[in-house]
Amino acid sequence: MNTSISSPADGAVFGKDGLAALVDVLLGRGFTVVGPTVRDGAIVLAELESAAQLPYGWGVDLEAGRYRLRSRTDGAAFANAAGPQSWKTFLHPARVRQWTASRAGGELVVEADDTPPPRFAFLGVRSCDLRAIAVQDRVLTAGPHSDPVYRGRRSGAFLVAVECTEPGGTCFCVSMGTGPAAGPGYDLVLTELADDEGHRFWARAGSPEGAEILAELPGDPASEAVCRAAEDAVASAADRMGRTMPDTDLHRLMAQTLDAPRWDDVASRCLTCGNCTMVCPTCFCTTTEDITDLTGDHAERWRVWDVCFDLDFSYLRGGPVRASSRSRYRQWLTHKLGTWYDQFGSSGCVGCGRCIVWCPVAIDITEEAAALHDWTRRTEDGSR
C-alpha cells in the first residue's frame, strides 16, 4: 500500500492563491495547461485559462454503471475520483492524422502530418493515472517500435500530481499498489486539505523543473501539523476504497481460469460495446482509416483507437479469431490482469475503476476477478 509522504521539511504550503499562481506560472512558461473542470454533468479534462475553472466544491458519487456530480460544502478542487477521461486522451489521442495525399497536374504529392504537438502541463494527475502514464511510457516508448506521436506529446510534459483524499465507490488503487499517495514520475505533487484549519495545499517538487516552479509560488514552509494532517488524509483514503481485488496472484489466476464457467455468465451480460477500453487509461490499441474527398484527388490516413471487443479486431482471412462475446471479454480481462505482465512486466490495470462506472450494464472487474478466484478455490477443494 502506497501511503508514504515526503519529509515534513520538504515543500511549501499555499492556499487557493498559490494554486492560481501555479496555473499562471505554467501558462507564462508556454505550457498548454490541462486540468479538471465541470462540463455536461461530469468532471472532465480540458484546457484551462485559469485556476478559476477547476471544479471547486464538486464531488462525485460513483457506482457500477452510474456517475453523478454532487455539491460539496468544503470548496475542495480535487476531492473527486477519476472522471470519464484520462490523460491518454492527450498523450495518445483517439484520432491522429498520419499523412495526406493530393493529386494535381498529374502528380501525386504525399505529405506526412508532422504538426508539432503542444507542450502540456497536466494539473491534477491522480496516483492511479500517474501509474497509467508510466505504463503507457513502457508500452509506447520503451520497446523497439517507439510511437512517435506519443513520444512527441509525452516529451516535455509537466505533471502536477494530486494525492487522493476522497476515493470513489469504484476505486481500488490500493489493491493494485498504485495509490492513493503519488508514486514517482511527477514534477510537482499536491495534497489538498479543506478542513477547520482552512483550504490549503501541501506542494513538493519531484524534478528540477518542479523545484524551479515551486520557488516562484507564494507559500510558507510546511509545518509538522500540516504534513501530519496530509498524511492522515491520504491514509484515511486508503482505508475507504470502494472496491478491492482478491488477494491473490492475478497473473496466475487468469492463466488458471480460461475454462471457468464464469466467462459464460459475464458474456451473457456484456454488450461488447468497448466502453471499458475507451475509458481505460492504459488500453492502447489502434487501427487505421483511409478517407478520400468526393473528387478522389485528396486522401488522408488517420490512426484511431480500436477495441478488442470488435469482431474486426481479430479478423483474419475466413473470419474473426474471437467470434464470441465470451472470447472477446476473456481476451480483454486476461490481457489486462494477466498476460500484460508477460509483455510489459506489470499489470495493465491501475485500479481507477473507470471501466466499472462507464459499463452500461455495470460489469465490475473486481467482481469478475473475485468470482474466478472463488471458482479456483472450489475447484481445488473438489467441491465444484
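Each reported figure results from applying straightforward, stated rules to the coordinates on display, with no laboratory input. Worth saying up front: this structure is predicted, and the values here are computed from it rather than measured. Methodologically, a virtual Cβ is constructed for each residue, glycine included, from the backbone with ideal geometry; neighbour enumeration extends over all protein chains shown.
Between the stretch 243-276 and the stretch 277-295, the alpha-carbon centres lie 26 Å apart. The charge dipole of the chain, taken about its Cα centre with unit charges on the Cβ of Lys, Arg, Asp and Glu (plus for the first two, minus for the last two), comes to roughly 1040 debye.
Here the average projected area of the convex hull drawn through the C-alpha atoms of the chain stands at 23.0 nm². If R0 is taken as 56 Å, the Cβ-Cβ distance between Glu107 and Asp264 corresponds to a FRET efficiency of 0.45. Our estimate of slack between His199 and Ala299, defined as 0.36 nm per intervening residue step minus the Cα-Cα distance, is 30.6 nm. Which is the longest stretch in the chain that no exposed loop site breaks, taking sites as GluC sites (Glu not before Pro) with a DSSP loop state and at most 11 other Cβ atoms within 10 Å? Longest site-free region, per DSSP loop and neighbour criteria: 198-384. Among the trypsin sites (Lys or Arg not before Pro) found in the stretch 1-100, not one is both in a DSSP coil and sparsely packed, with 10 or fewer other Cβ atoms within 10 Å of its Cβ.
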